[in-house]
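Presented below is the structure to which this report refers.
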Amino acid sequence: MLKRQNAAVLVTESILDCLAGDVLCGPTFTLCALNGIGNVGKLPEYLTRLHARIVYLALDNDPEPDKGPKAQQEAIALVTRLGMHVVEVRVHHQAGVKDLHKLLLQTRTRISPFHLTKSGI
């Protein structure tokens, strides 16, 4: 985790994806890397320590429905139960790449948090 004041939190599966999100969006978010989807269940512990109100969730675009999509839905449910607003980041899905790191390698175009909100839920 890399806390930035009272910023919204960007949650990714890896540190590399968090850093890619930082490059793509600028130093806008508090960063939280799960180090794998197996750690989705630890989100409440992490997020309550950060006192976040908005969480941008950017888990990997995995083709297997029992991996990324299942973990994404579990994470959305956990964060919502905490009373936080969830934005499901899908820009990497829309670009047809696995994660934010691959998106960064594909494009160097800056993405505004507003665009992330419009592209997600």
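The values are calculated or read from the model by the stated rules, or taken from the named source; none is laboratory data. Note that the coordinates shown come from a computational prediction; the quantities given were computed from them, not determined experimentally. Glycine also receives a Cβ, built like all others from the backbone with ideal geometry; neighbour counts cover every protein chain displayed. Protein only, heavy atoms only, side chains kept; ligands, DNA and RNA dropped before computing areas. Shrake-Rupley method; radii C 1.70, N 1.55, O 1.52, S 1.80 Å.
Residue by residue through the stretch 42-60, note down the ones that are under 20 Å from Gln5 (Cβ atoms) and of a type outside the set (A, V, I, L, M).
Within the stretch 42-60, Tyr46, Thr48, Arg49, His51, Arg53, Tyr56 qualify.
Just give me the residues in the stretch 58-102 being within 13 Å of the chain's Cα centre (by Cα) and aliphatic (A, V, I, L, M), in sequence order.
Ala58, Leu59, Ala71, Ala75, Ile76, Val79, Val86, Val87, Val89, Val91, Leu100
Of everything in the stretch 60-101, what is farther than 28 Å from Glu45 by Cβ and crowded, with 16+ Cβ neighbours inside 10 Å? Give them in sequence order.
Val97
Among the listed residues Asp22, Asp17, identify the single one that is of a type outside the set (A, V, I, L, M), open to solvent by 10 Å² or more (accessible area, probe 1.4 Å) and either modelled with pLDDT of 90 or more or in contact with a helix residue (DSSP H, G or I) (Cβ under 9 Å, 6 or more places away or on another chain) (or both).
None of the others qualify; the one that does is Asp22.
Exactly one condition in (1) free of Cβ contacts under 8 Å to residues at least 60 places away in the same chain; (2) within 12 Å of Val11 (Cβ to Cβ) is not met by Leu100; state its number.
Of everything listed in (1) free of Cβ contacts under 8 Å to residues at least 60 places away in the same chain; (2) within 12 Å of Val11 (Cβ to Cβ), Leu100 misses just condition (1).
For the stretch 98-121, which residues satisfy the criterion of being out of contact with any Phe, Trp or Tyr (no Cβ under 8 Å at 6 or more places or on another chain), closer than 25 Å to His85 by Cα and either modelled with pLDDT under 80 or among the hydroxyl-bearing types (Ser, Thr, Tyr) (or both)?
Scanning the stretch 98-121 gives Ser112, Phe114, His115, Thr117, Lys118, Ser119, Ile121.
Mind checking which residues of the stretch 1-14 are over 22 Å from Arg81 (Cβ atoms) and modelled with pLDDT of 95 or more?
Ser14
Could you say whether any residue in the stretch 39-49 is surrounded by 14 or more Cβ atoms within 10 Å (Cβ to Cβ) and touching a residue at least 40 places away in the same chain (Cβ under 8 Å)?
So far as the stretch 39-49 goes, yes, one or more of its residues are surrounded by 14 or more Cβ atoms within 10 Å (Cβ to Cβ) and touching a residue at least 40 places away in the same chain (Cβ under 8 Å).
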